[in-house]
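Structure, as structure tokens:
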Amino acid sequence: MVKNVVDVVFGGLTYWMFGYALSFGPDPGNNPFVGWGEFFVDAGPETMGQKFTTFIFQMSFATTATTIVSGAMAERTKLTSYIVFSLFNTVIYCIPAHWFWGAKGFLNDLGVVDIAGVGPVHLLGGTTGLVATLLLKPRTGRFCEGQSAPPMGCPTNVMLGMFMLWWGWLGFNCGSTFGIRGGKWKLAARSAVSTIMSSMGGGLSSLSLTFILCKGKFDIADIVNGILGALVSITGMCAIAHPWEAIVIGLLAGLYTTGTTRLVERLRIDDPVGVIPVHLVCGLWGLTATGLLLSRFGILNTRTVDNKLHINSRKIMVSLPPRSDYQYQDVPDILTRTST
């Protein structure tokens, strides 16, 4: 828990100092790889609403990406060393965030859709967690012959934490529509429905699979990770997914987390809280699912014009970077999209 405090205190500080600048800085030097400008974020009366809203929301994403890694490093790092990591992990987040959401980001120019951070937050955090646990090596005695994995400390607390994340995800996904004015409340409502439906799918598949694999018993970790993996997977297209698409995405995510957890164990990779299956694997699945489903059902052309994301020439989402002054007159056409 102290490491989570460190993530906000030190990671938030460095995001204010240079993270926002490298993600969304608009000054000369801003390019498809990295932003530049507006170090030590501040704003005047004319721009403070847009800039500070973007800053605080993106700072929460940046610190979340670091918190993901802390689970993979559990019980193997000194707090002082982790503070140094938290200070500089901001750089690892803010550059990919520019690729996806920066006005000149190269993935943004290619039309990549990522509404709530399945790539820059979850896939990135899962990948960083994998690298960290490989560098740190397993905990002492973790994979000794004849020795099973250490028991879960308190399953009740684990379930409580899952509920906190479950409802908190609604805030992240719905909040990624960046408001409720105009047609944005419709996107927020769809985000809420798709988020819950996906988590239901993940819970259903992970409950079923763990019952089979554990021979009539249920594994708490499998259930929790199945639901969280489904939540990760839907973040990429939460505001534009149909309920049945969300369920399918979640169902597969639950299977992926349960299967990957056992694969990681066989490979003797010490991942105490399931960072690799939940964030890396399901982050990759979430990006893939977004591309597959949007292409299959007619949303083929995405581009950014005047910092607004357009899909089939209709403005449906927050700007890249997000702003608060959009008009969404074409939203209903997307909300009722049909197969081509």
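The values are calculated or read from the model by the stated rules, or taken from the named source; none is laboratory data. Note that this is a predicted model, so its numbers are computed, not measured. Ideal geometry is used to build each Cβ from the backbone, glycine not excepted, and the neighbour counts take in all protein chains shown. Areas reflect the complete protein model, heavy atoms only, side chains present, ligands, DNA and RNA absent. Shrake-Rupley method; radii C 1.70, N 1.55, O 1.52, S 1.80 Å.
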Kindly indicate whether any position in the range 101-111 is among the polar types (S, T, N, Q), under 30 Å from A192 (Cβ atoms), out of contact with any strand residue (DSSP E or B) (no Cβ under 8 Å at 6 or more places or on another chain) and open to solvent by less than 60 Å² (accessible area, probe 1.4 Å). no
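Residue under question is W166, and the condition is that it be open to solvent by 30 Å² or more (accessible area, probe 1.4 Å) and touching a residue at least 24 places away in the same chain (Cβ under 8 Å); does it hold? Explain how you work it out, then say what you get.
Numbers: open to solvent by 30 Å² or more (accessible area, probe 1.4 Å): yes; touching a residue at least 24 places away in the same chain (Cβ under 8 Å): yes.
Spelling it out, W166 is indeed open to solvent by 30 Å² or more (accessible area, probe 1.4 Å) and touching a residue at least 24 places away in the same chain (Cβ under 8 Å).
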Are any of the residues in the range 177-190 touching a residue at least 40 places away in the same chain (Cβ under 8 Å), farther than 20 Å from W285 by Cα and among the polar types (S, T, N, Q)? yes
State all residues of the range 75-100 that are more than 18 Å from the chain's Cα centre (by Cα) and open to solvent by 20 Å² or more (accessible area, probe 1.4 Å); if no residue qualifies, say none. E75, R76, T77, K78, L79, T80, S81, I83, V84, F85, L87, F88
If only one of G168, G119 is closer than 23 Å to F10 by Cα, part of a helix (DSSP H, G or I), at pLDDT 90 or above and touching a helix residue (DSSP H, G or I) at 6+ places or on another chain (Cβ under 8 Å), which one is it? G119
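Considering each of L130, L160 in turn, give the residue that is under 25 Å from T288 (Cα atoms) and either in a helix (DSSP H, G or I) or open to solvent by less than 40 Å² (accessible area, probe 1.4 Å) (or both).
None of the other options fit; the residue is L130.
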All-but-one check, I56 against (1) within 27 Å of C174 (Cβ to Cβ); (2) among the aliphatic types (A, V, I, L, M); (3) open to solvent by less than 40 Å² (accessible area, probe 1.4 Å), failing number (3)
